[in-house]
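A short worksheet on the structure shown next.
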Amino acid sequence: MIELLNGFLKELSHAIDNRKVLTKEEDRYCYSYDASFGQYLPDVVIQPTETEEVATLVKLANKYGVPIYPRGQGTSLSGGPLPVEGGAVIDCSQWNQKLEIYPEDMIAVVSPGVLTSSIDQKANQYGLMYAPDPSSSNVSTIGGNLAENSGGPRGLKYGVTKDYVIGLEVVTPEGDIIKTGGRTVKNVTGYDLTKLIVGSEGTLGIITEAILRLIPKPQATETLMATFHDIVDSGKAISTILQTGIVPAKMEMMDQASIRAVEDYQPLGLPTDVEAILLIELDGHQVAIKEEIEKVRVTCEEMGAKEVKVAKSKEEALELWKARKLVSPAIVKIKPTKISEDATVPRSQIPAMFERLKEIREKYHLHLVVFGHAGDGNLHPNIIADIRDHEEMERVEQAVEEIFHAAVELGGTLSGEHGIGTMKSPFMEMELGEVGLEMMKRIKESWDPNHIMNPGKIFPSPGQRLVLRND
Amino acid sequence: MTKVAKQNLKDKLAYDETFSCVQCGYCLPACPTYQTMGKESHSPRGRINLVKLAAEGKIPLSRLEEPIDLCLGCRACEPACPTNVQYGKILESAKVVLFEEKKEERKGVSARAEDFLFNHIFPYPSRLNKIGSSMFFYQLTGMKKALHATKLINVLPERLSKFDKITPKPAGPFQRRREHHLLPKNQPVLKVGFFPGCIMDTVFRDINNMSMKLLQAAGCEVEIVDQQTCCGALHSHRGDRQTAKELAKQNIEAFEREDFAYIVNSIGGCGAMLSEYHHLFEDDMEWYERAKAFASKTKDISYVLSQLELPFKKDVQLTVTYQPSCHMTNVQKLTDEPLALLKSIPGITFIPMEKPNKCCGSAGIYNLVHYDESMDILDEKMKDVNQVSVDGIVTTNPGCHLQMKLGVEREGKSDQIKVYHLVELLGEACGL
Ligand SMILES: Cc1cc2nc3c(=O)[nH]c(=O)nc-3n(C[C@H](O)[C@H](O)[C@H](O)COP(=O)(O)OP(=O)(O)OC[C@H]3O[C@@H](n4cnc5c(N)ncnc54)[C@H](O)[C@@H]3O)c2cc1C
Ligand code: SF4
Ligand code: SF4
């Protein structure tokens, strides 16, 4: 093993600028984690900035049987970039040199390490936007977003990453360079490999360039906040609004536990006796959304809202959103470890999911708060615990398992946006069935015959269980 | 294993604080060293994780050294963090442990020279004053031989000559004389103590003098109390907590003798240290309270002046941008007041630059000790400066002031762009 690794490193040192190869212990430890759990020390970290370099190193990895793990900025919440079997982390975060906007074609061509938010910012200069907006967009790379098929609040109206990628350049697990899709929105030439790569969590190749679709930036926005005594009413309000034909750009909810946490942390004057707050943002033509926000207001009231506030200015809108922004800092004040889940259910099952989450919270005596993208059923149950408390962490693991079961039973999915990685692989079969999972495995085997591309992800090893601990 | 390592590192390092880090990475884009060095070991998330690993004994302390050494301490990672990680504390604890760890090795001539500077020069304003006109940086040159083998040897002659060019001309004996007690024309509206600092008071004496005159013009009684000393920031930043504590005590005692409404300074970096004095005494209740009282009175001059009325007399026809000091923004959390003051100057046109809150790379004596790294950071800063068309850059901290001057010089723009301390412009507008 050591000999193979040394062989790999030796040949690598001739092929790649040595400044891009990190082998010091302190450097390697800094790529041993992501934003989830678990720490695995890689043997080397490589920071390529050219497709050829990637092709070379992947070929060498095959030759010496060294596992490699693509990594963006390590914000994955599911363990995607963790070097679980040692080997080489391929850090793409420094590969951010290309960010080209073609306003006439309404596309962007980007290198994998470009930050998601900078694509949108640059597109804005042309009156365009890049719609997918994971909350982490200021830090996460487009490569990571593509690999995880990330989505955000705007997903409800605009869809997620996969809806905006039309072409990719990929280095295959055997080190060949391929291009998928192209610069046109319509493209039916052969299998849609682009979509196969998107969401593959770095197990089918390393994305080295992407062609993304841009859309016109909406002119105006309207924001509304509604409070509900009964969380079920808020669920009804969500479905009624959507049935009237209005598709809000964002529809976020906070439950009572998160409202209270925010008020304890930084009093904003939110009512702590209500069970839910809905935050709704419409975007589009100024005149049209003025009318629509009024309809939304009336609907909320009819569904039993206690109070509805429509922001009169940009500042007021920001003030309303502040509550939602403060949830994360507020809840970690309670305890430091945050386990952020993203199990997603069909919209109609949101109230049922809330019931189940309530039961789980009580059964395991945990701080469980729920907030997130209510409009698309992508709730974010977050459990707040202390990783140093082993007994508590065991309860957390059981609770998380039960959340997964609940979501799947209600016709939903394990993960709406964070991906499977190492964390959720034990539950894959539960959702996909034996054959479903087997078909995926066959794809993986045929793409990566030497098992070197991000091993240990998506597919469970026999007997694997959920573990939320670092040691 | 050395002494420190044997003791419980979990207690010595801010181990508990590291658990607030959820490794979300939100701090990465805010960190100047991550941007210029491109490695996680030079990012807040990486550094915090390494401190945690060192506390757990999973890596030796030596692995911490370079990442901690190359941190600017600008603390831009703190406001960026959604979970309020106390990075300052984590960093400081690592510095203290590394400093103690290295004490053993600090016996050679070089270490003695460095220690001499820190222990026998900085704490004594009068000695610095004597050196005064011959300037601090020349002192470093003179010591170069002695500083051999320490990191300060990185300060090569050609580099020092860069600083030479941009350092203000030494104050003559006449300018060095100063009144220690100023009374306003009318009944004082406030009585304030003034904190001139040590190194900066030799290099930027004029700015301190102007600050005092401005306070006076705004109606304050201003006093420089005896027995005050160096703020201890440089000691604290190199991990010498013991000396920092002693200096803090001396300052606290000196200022306790009078009843001041505020203790005013015009040096963002020192102000930050003074405003966190209580952090030094978390294990000593009595001193903690006294330090806290001192800290809460400590204010940057821009804060105090913004509460008062300044007698503007003439227009200052300049188009300027503003480079806030990190220590003022991220530690003292003072952002609106200096900007409002700047904009209030008659005749001034203010153009903001992109990412003003990004560190310029001066960071105490970082630019001397880590010259190359500092210049990379400065070059990033200058890219943003170059985007705006201005004839002045305004700062609130002498360290940033020098660094920005160096930046302008490096861009070959010394003829077009001048660097000012905010109080210089205020003084000019008031005809002082
Ligand atoms: C506070 C917080 C909030 C978040 N909010 C959201 C949210 O709202 N929506 C959402 O969807 N996610 C969210 N996430 C999760 C995370 O940010 C996303 O999954 C993001 O896409 C990861 O990007 P990254 O650059 O950090 O990639 P990494 O975490 O480094 O990697 C993620 C995966 O992508 C693979 N990968 C990375 N680069 C490449 C490449 N060039 N080629 C092939 N594979 C690659 C890795 O192997 C890994 O499997 C959040 C995370 C945090 C910490
Ligand atoms: S932003 Fe805060 S919590 Fe997130 S990685 Fe940085 S220090 Fe840790
Ligand atoms: S203090 Fe500054 S340089 Fe150090 S980690 Fe924080 S942001 Fe980076």
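The values are calculated or read from the model by the stated rules, or taken from the named source; none is laboratory data. Predicted model only: the values in this text are computed from it and were never measured. Please note: Cβ atoms are built from the backbone with ideal geometry, for glycine as well, and neighbour counts cover all protein chains shown.
Below are the figures for this structure:
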read-out: The listed residue being among the hydroxyl-bearing types (Ser, Thr, Tyr), part of a strand (DSSP E or B) and either away from ligand 1 (no atom under 16 Å from the Cβ) or assigned by TED's automatic domain parsing to the domain that holds A:Val370 (or both), out of A:Thr221, A:Thr208; value: A:Thr221
read-out: Unique match (being more than 16 Å from ligand 3 (Cβ to nearest atom), modelled with pLDDT of 95 or more and out of contact with any helix residue (DSSP H, G or I) (no Cβ under 8 Å at 6 or more places or on another chain)) among A:Thr208, A:Thr194; value: A:Thr194
read-out: Residue match in segment A:281-290 (condition: within 30 Å of the chain's Cα centre (by Cα) and loosely packed, with under 14 Cβ neighbours inside 10 Å); value: yes
read-out: Selected residue (criterion: nearest to ligand 3 (Cβ to nearest atom)) from residues of segment B:350-398 that are assigned to a helix (DSSP H, G or I) and among the polar types (S, T, N, Q); value: B:Ser374
read-out: One residue from A:Gly433, A:Gly372, A:Gly419 being touching a strand residue (DSSP E or B) at 6+ places or on another chain (Cβ under 6 Å) and away from every other protein chain (no Cβ under 14 Å); value: A:Gly372
read-out: Criterion (aromatic (Phe, Trp, Tyr), without any contact (Cβ under 8 Å) to a residue 40 or more places away in the chain and within 12 Å of another protein chain (Cβ to nearest Cβ)) met by exactly one of A:Tyr33, A:Tyr29; value: A:Tyr29
read-out: All positions within segment A:391-404 that are touching a residue at least 12 places away in the same chain (Cβ under 8 Å) and away from chain B (no Cβ under 14 Å); value: A:Arg395, A:Val396, A:Glu397, A:Gln398, A:Ala399, A:Val400, A:Glu401, A:Glu402, A:Ile403, A:Phe404
read-out: Filtered residues of segment B:34-51 (kept if within 27 Å of A:Lys325 (Cβ to Cβ) and not in a loop (DSSP other than H, G, I, E, B)); value: B:Tyr34, B:Gln35, B:Glu40, B:Pro44, B:Arg45, B:Gly46, B:Arg47, B:Ile48, B:Asn49
read-out: In segment B:46-80, residue farthest from the chain's Cα centre (by Cα) [restricted to those that are at the interface with chain A (Cβ under 8 Å from one of its Cβ atoms) and within 10 Å of ligand 3 (Cβ to nearest atom)]; value: B:Gly46
read-out: Yes/no for A:Gly175 being within 15 Å of ligand 1 (Cβ to nearest atom), at pLDDT 95 or above and on the phi > 0 side of the Ramachandran plot; value: yes
read-out: Elements of type strands (runs of 3 or more DSSP E) in segment A:1-117, at least 2 residues being within 20 Å of A:His451 (Cα to Cα); value: A:44-46, A:68-71, A:88-91
read-out: Residue in segment A:135-148 that is assigned to a loop (DSSP other than H, G, I, E, B), away from chain B (no Cβ under 14 Å) and either of a type in the set (Val, Ile, Thr) or away from ligand 2 (no atom under 16 Å from the Cβ) (or both) present; value: no
read-out: Selection within segment A:300-340 - under 20 Å from A:Leu366 (Cβ atoms) and either more than 14 Å from chain B (Cβ to nearest Cβ) or touching a Phe, Trp or Tyr at 6+ places or on another chain (Cβ under 7 Å) (or both); value: A:Val327, A:Pro329, A:Ala330, A:Lys333, A:Pro336
read-out: Candidates A:Thr189, A:Thr203, filtered to the one that is surrounded by fewer than 23 Cβ atoms within 10 Å (Cβ to Cβ), β-branched (Val, Ile, Thr) and more than 25 Å from A:Asp283 (Cβ to Cβ); value: A:Thr189
read-out: Selection within segment B:27-38 - within 7 Å of another protein chain (Cβ to nearest Cβ) and within 15 Å of ligand 2 (Cβ to nearest atom); value: B:Leu28, B:Pro29
read-out: Of all residues in segment B:85-106 being in a loop (DSSP other than H, G, I, E, B) and within 13 Å of B:Ile48 (Cα to Cα), the one that is farthest from the chain's Cα centre (by Cα); value: B:Val85
read-out: Residue match in segment A:36-49 (condition: at pLDDT below 95, within 12 Å of ligand 1 (Cβ to nearest atom) and either within 30 Å of A:Ala385 (Cβ to Cβ) or hydrophobic (A, V, I, L, M, F, W, C) (or both)); value: yes
read-out: Meets criteria (more than 14 Å from ligand 3 (Cβ to nearest atom), in contact with an Asp or Glu (Cβ under 9 Å, 6 or more places away or on another chain) and in a helix (DSSP H, G or I)) for B:Lys10; value: yes
